[in-house]
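Heads up: the structure comes next, in structure tokens.
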Amino acid sequence: MNRIIARHLVLPAAVAACAVLSAQPKIHPFEQPPRLKEITTPPAALAAFAGRAVAQTCDPQGSITRDGNMVSVKLDFVRANFTINNPDPSDAYGGEDPVTLRSYGGCKSGPVIDVLPGNTLRVELRNQLDANDPSCLPNPPAGLGLNGAPGVGCFNTINLHTHGLHVSPAGNSDNVLLNIAPQTEFPYEINIPADHPAGTFWYHAHRHGSTAVQVASGASGILLVHGSRRYKAPTPSDPHPIADIDTILHDARGVPMPEQLFLFQQIAYACFDNDPNFGGGPWQKIYTTAGLYDSGSKGSDPKGPANAPWTCPAPSPGNYVSRGAVENFPLQLDSPTIWDTNGRFTSVNGIVEPTITLPAGEIQRWRFVHAGIHDTINLQVVRAAPIGPTNLIAASALTGNREQQQKEVASSCPATPQTLLPQFEIASDGLTRTRIRMLSGKGGYGSIGSNYMQPGYRSDILIVFPEDGDYCLLDQAAPPSERANNGGRGQGPGGQGPSKQQLLAYIHVRGGHPVEGDLETYVRQALYDGNPELPDSVRNGLRSGDIGPWAPFTELPPPSPGHVQRADFQINFPANAPPLFQINGKSYDPSVINITRQVNTVDDWLLTAEGEPHIFHIHVNPFEVMDVTIFGPNGEQESIFDAKGNCKESMIKPDQQGLVNQYCDMYHTFRDTIFVENNYQVHIRTRYDRYIGEYVLHCHILDHEDAGMMLNIQLVPDLKAPGGGIGMGAMSHGH
Ligand SMILES: [Cu+2]
């Protein structure tokens, strides 16, 4: 590791000369998220993952024990002290901001949990937070809660949601209606069915009212279901045998493609002035470059503290600056533009702008998880300008706050059709696609090389770097006219981004072997060459991008007539009252079942959003994206897709990141989370497979969810039977 650092620390003279404030930029090597200590030897199917020695600088609190199909995880939920690197040279802490955050396991990212289909995942969740929780009082102090949005608060009460897993939502399983109070332990038991698809999933806090505060603190981790089911030929009785993409991602000798995990977090820490003489209690005043930001200064002055980057001044006698924390919902989370203005960086496995080093010519599997709460990440991989005046990317040496870095990023990481590196997406939301989707700068519809990720999304890509050089992993900014929040009507600020460019990681490609020619052909040929045991027709399919045999789902049957549900997302602004965050005209009421459906039936859903875009997520079952339509000039609906399922050329603008583009290549794919843009209608279909119980659908902009944008849905065995098939029809629960 030291050698890598030394090699890239050679700074061009221009940088060295102006780097007065910080002696030299500190390089932060890319790290995988931490893994828990394995008490037992993992089974062979996991040895390459769970058993491997991954460089990690944080040992999470807890452990994993495996006994046959039983996987027992001990996991502590704690308030942990650590630092988050800050590239701003004026940072008072020398580039390492001290923070105190709620965390699964005590590290910046939750530990990775590796499981197999058929495993029973037991999680002994120990909530070690302080039982004295002022945010849980009936009338919490001003900032700790959200006036008018009942339920926001109890930031020390948690639970555990396994996002994307097809498991029971009831009892001790993936039940987000549970409240695990501080100083209690709870045994989760999640039965992952033997026919569960392998893929990239994640877990996060989901207790209504504290979800956003906790996830914005980093309370999330990656959950991988690894699969070893090899391709089987279809038969009349089993026309689509289950097979895992994991089994074909290797070379001809069986050496697996190296795999990297990317947990993107948007940790919204602020340093507060916690003057004990201030009557309103702690967590009311945030330090910014424009003075203190509090509920009284939450105005619209563009130069005021409400719109200034947050800072962490050094403590001194007479000032009571806190460590970085996420404690104040209205100030830190409840604004569509706060992630733009607060100056914080999207981190990768807890590290801001880490440096990845890898060889040319090596095909790697990168698993992306968007664990942020709020803002779009528009992922691009871009070849750095080879001879910049400063060559900051080569030196891993960008300094400055986000604002200051933007100019450098734009010149060092120019995104053009020539510089964009293709991403070959093999799975979206953890579920293997039927065809490899190429995101590239070269030709074709939607081909702007961008991988739009909304909070909750996952994307698995294959990537290969053709030659030595320096590259940028970018969250690319969209021009104002194409920002999600604009709604196509020229209104509003650029909330829910991506409105400001950010470098997510430096990529240094050194050694290996250069790739001549077309990367798509190279990747497809590698899959062909790596799997000589497959039947010729299937193997030839790989050479044309067909990975259908490893996709877990085939087309859903149409629903019975009348099986149409709606989810209309809307923020309503009543006079003289706080805004109401609603779905279908209702804010969340934990005591009400909003929708009751029968298990093993199929529904179509129509998703819409008004005013600003929202993100639909439903638990337990994935859905199939049937269509996306847009209002035509006369109010009629027009599909964005042509007859083949490709985005219509007339709908997209070449070389730009139009809003339509993020839906291109979603036609008839399966997902569990989807962006719902203003003026669009998203048509999805889902089968309520296997599991009964109560669970939720909600906006995955998590401050919206906490503020009320969530519904309860109940699945029952039989809608026509007494009690929906649950209990005795005439059963009385009273006395
Ligand atoms: Cu929303």
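In segment 523-572, how many residues are without any contact (Cβ under 8 Å) to a residue 12 or more places away in the chain and in a loop (DSSP other than H, G, I, E, B)? So the answer is 3. Of everything in segment 567-583 that is away from the ligand (no atom under 16 Å from the Cβ) and on the phi < 0 side of the Ramachandran plot, the residue that is modelled with the lowest pLDDT is Ala577.
Out of curiosity, is Ile726 closer than 24 Å to Val602 by Cα, at pLDDT 95 or above, open to solvent by 10 Å² or more (accessible area, probe 1.4 Å) and away from the ligand (no atom under 16 Å from the Cβ)? Spell out how you get there, then give the answer.
Numbers: closer than 24 Å to Val602 by Cα: yes; at pLDDT 95 or above: no; open to solvent by 10 Å² or more (accessible area, probe 1.4 Å): yes; away from the ligand (no atom under 16 Å from the Cβ): yes.
No, not satisfied.
Determine, yes or no, whether Pro622 is closer than 29 Å to Phe573 by Cα, more than 16 Å from the ligand (Cβ to nearest atom) and open to solvent by 10 Å² or more (accessible area, probe 1.4 Å). Against the criterion (closer than 29 Å to Phe573 by Cα, more than 16 Å from the ligand (Cβ to nearest atom) and open to solvent by 10 Å² or more (accessible area, probe 1.4 Å)), Pro622 does not qualify.
Is there a residue in segment 78-100 that is of a type in the set (Phe, Trp, Tyr) and open to solvent by less than 10 Å² (accessible area, probe 1.4 Å)? The answer is no, given that none of the residues of segment 78-100 is of a type in the set (Phe, Trp, Tyr) and open to solvent by less than 10 Å² (accessible area, probe 1.4 Å). Residue check: is Gly495 open to solvent by less than 20 Å² (accessible area, probe 1.4 Å), at pLDDT below 95 and out of contact with any strand residue (DSSP E or B) (no Cβ under 6 Å at 6 or more places or on another chain)? Taking the combined requirement at face value, the residue satisfies it.
Scanning segment 709-722 for residues that are surrounded by fewer than 20 Cβ atoms within 10 Å (Cβ to Cβ), assigned to a loop (DSSP other than H, G, I, E, B) and in contact with a strand residue (DSSP E or B) (Cβ under 7 Å, 6 or more places away or on another chain) returns Asp718, Leu719. With respect to the conditions (1) of a type outside the set (Phe, Trp, Tyr); (2) without any contact (Cβ under 8 Å) to a residue 12 or more places away in the chain; (3) in contact with a Ser or Thr (Cβ under 7 Å, 6 or more places away or on another chain), Asn139 falls short on a single one, namely (3). Given the structure, is Tyr588 crowded, with 21+ Cβ neighbours inside 10 Å and either within 16 Å of the ligand (Cβ to nearest atom) or in contact (Cβ under 8 Å) with a residue 40 or more places away in the chain (or both)? Answer is yes for this residue. Against the conditions (1) farther than 24 Å from Leu439 by Cβ; (2) within 16 Å of the ligand (Cβ to nearest atom); (3) surrounded by 24 or more Cβ atoms within 10 Å (Cβ to Cβ), Phe675 satisfies every one except (1). Going by what's in this entry, would Asp665 be described as open to solvent by 10 Å² or more (accessible area, probe 1.4 Å), within 24 Å of Asn451 (Cα to Cα) and assigned to a loop (DSSP other than H, G, I, E, B)? The answer is yes for Asp665.
How many of the residues in segment 224-237 are open to solvent by 60 Å² or more (accessible area, probe 1.4 Å) and of a type outside the set (Val, Ile, Thr)?
7
Residue count for segment 591-614 satisfying the condition of being open to solvent by 30 Å² or more (accessible area, probe 1.4 Å), outside any loop (DSSP other than H, G, I, E, B) and among the hydroxyl-bearing types (Ser, Thr, Tyr): 1.
Which strands (runs of 3 or more DSSP E) does segment 312-387 wholly contain that include 2 or more residues that are open to solvent by less than 10 Å² (accessible area, probe 1.4 Å), touching a Ser or Thr at 6+ places or on another chain (Cβ under 9 Å) and at pLDDT below 95? Spell out how you get there, then give the answer.
Details: elements: 355-360, 364-370, 377-383.
The qualifying strands (runs of 3 or more DSSP E) are 377-383.
Looking across segment 302-311, just one residue is touching a strand residue (DSSP E or B) at 6+ places or on another chain (Cβ under 6 Å) and open to solvent by 40 Å² or more (accessible area, probe 1.4 Å), and that is Thr311. Across segment 284-301, the number of residues qualifying as buried (at least 20 other Cβ atoms within 10 Å of the Cβ) and among the small types (Gly, Ala, Ser) comes to 0. The single condition among (1) buried (at least 19 other Cβ atoms within 10 Å of the Cβ); (2) not in a loop (DSSP other than H, G, I, E, B) that Ser396 does not satisfy is (2). Scan segment 410-438 for residues that are acidic (Asp, Glu) and part of a strand (DSSP E or B) and the total you get is 1.
From the list Ser650, Ser732, exactly one residue is at pLDDT below 85, among the polar types (S, T, N, Q) and either outside any helix (DSSP H, G or I) or within 16 Å of the ligand (Cβ to nearest atom) (or both). Which is it? Spell out the reasoning first.
Values: Ser650 fails: either outside any helix (DSSP H, G or I) or within 16 Å of the ligand (Cβ to nearest atom) (or both).
Answer to the selection: Ser732.
Just so you know, in segment 680-708 the residues that are assigned to a loop (DSSP other than H, G, I, E, B) and in contact with a helix residue (DSSP H, G or I) (Cβ under 9 Å, 6 or more places away or on another chain) include one that is farthest from Asn600 (Cα to Cα), and it is Ala707.
Looking at segment 701-720 only, could you name the residues that are under 16 Å from Asn584 (Cα atoms), within 11 Å of the ligand (Cβ to nearest atom) and among the hydrophobic types (A, V, I, L, M, F, W, C)? Outline the logic, then answer.
From segment 701-720, those under 16 Å from Asn584 (Cα atoms) are 704-705, 707-713; that's our starting set.
If we keep only those that are within 11 Å of the ligand (Cβ to nearest atom) as well, we get 704-705, 707-710.
Those that are under 16 Å from Asn584 (Cα atoms), within 11 Å of the ligand (Cβ to nearest atom) and among the hydrophobic types (A, V, I, L, M, F, W, C): Ala707, Met709, Met710.
The test for being open to solvent by 50 Å² or more (accessible area, probe 1.4 Å) and either closer than 16 Å to Glu705 by Cβ or touching a residue at least 40 places away in the same chain (Cβ under 8 Å) (or both) does not hold for Asn576.
The values are calculated or read from the model by the stated rules, or taken from the named source; none is laboratory data. Treat the numbers as computed from the prediction; the structure is a model and nothing was measured. Every residue, glycine among them, receives a Cβ derived from its backbone with ideal geometry; neighbour counts consider all protein chains shown. Side chains included, ligands, DNA and RNA excluded: accessible areas come from the protein's heavy atoms. Shrake-Rupley method; radii C 1.70, N 1.55, O 1.52, S 1.80 Å.
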